[in-house]
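As structure tokens, the structure follows; a few thoughts come after it.
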Amino acid sequence: MSGPSDEGASATSHEDASATSDEDASATLPTQAVASMTLRSRIEWVDTDAAGIYHNSTVIRLVEAAEAALARERGLDGYFPVAPRVRYEADFEAPLFFGQEVTTTVTVLELGTSSMTFGFEVWGEELEQAPRVRAARGRYVTVHLDRSGPGRPTSAPWPPEWVERLTGS
């Protein structure tokens, strides 16, 4: 499977969205979800501006790393080349800083015939006496593509084995 790397990060899988211990962490994520993954990592220098404050685009990298960990754990080999994002929305609520530990949770909210809706939250952990804070939250949609024929790829149902691995049914 190809996709973003999460080298040096730690991951925790969850069957529901109660992935974080903080009560507010589940504010945008449902209590029942198809599947979720929590990944712990750190803001690196490349993620920041000259003042050491993260770029908003860092959220996408963190979220995709958690999504990749979920896909690996569930055995969704070949997921990324056939699952482009067709919608992405994010609310940026607080800055993150160079060296700060972050916790990213990605949750499959809906699994449709050929689309999947994810919710995410990125939390900045305590730093220099400042409390843990939610830095970003949002949703995005991926669509499964059939790339087997000539011409442009078309939307296609998720492979049944992927559905089973995500839902456990």
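Observations on the model:
- For the range 108-169, applying the loop criterion from DSSP together with a ceiling of 14 other beta carbons within 10 Å to the trypsin sites (Lys or Arg not before Pro) yields Arg147.
- Linear extension gain, Val163 paired with Ala50, 0.36 nm per residue minus alpha-carbon span: 36.3 nm
- Loop-located GluC sites (Glu not before Pro) across the range 38-131 with a Cβ neighbour count of 10 or fewer within 10 Å are Glu128, with loop assigned by DSSP.
- Listed values for the range 37-52 are Karplus-derived 3J(HN,Hα) couplings in whole Hz (6.51 cos²θ - 1.76 cosθ + 1.60, θ = phi - 60°), namely 9, 10, 10, 9, 8, 9, 6, 9, 4, 4, 7, 10, 8, 5, 8, x, and x replaces Gly and Pro.
- Placing unit charges on the Cβ atoms only, positive for Lys and Arg and negative for Asp and Glu, gives the range 10-167 a dipole magnitude near 620 debye about its Cα centre.
Values quoted throughout were computed directly from the atomic coordinates according to the rules given, and no laboratory measurement underlies them. Everything quoted here is computed from the prediction, not taken from an experiment. Neighbour counts are summed over all protein chains in view; Cβ atoms, including those assigned to glycine, are modelled from backbone coordinates with ideal geometry.
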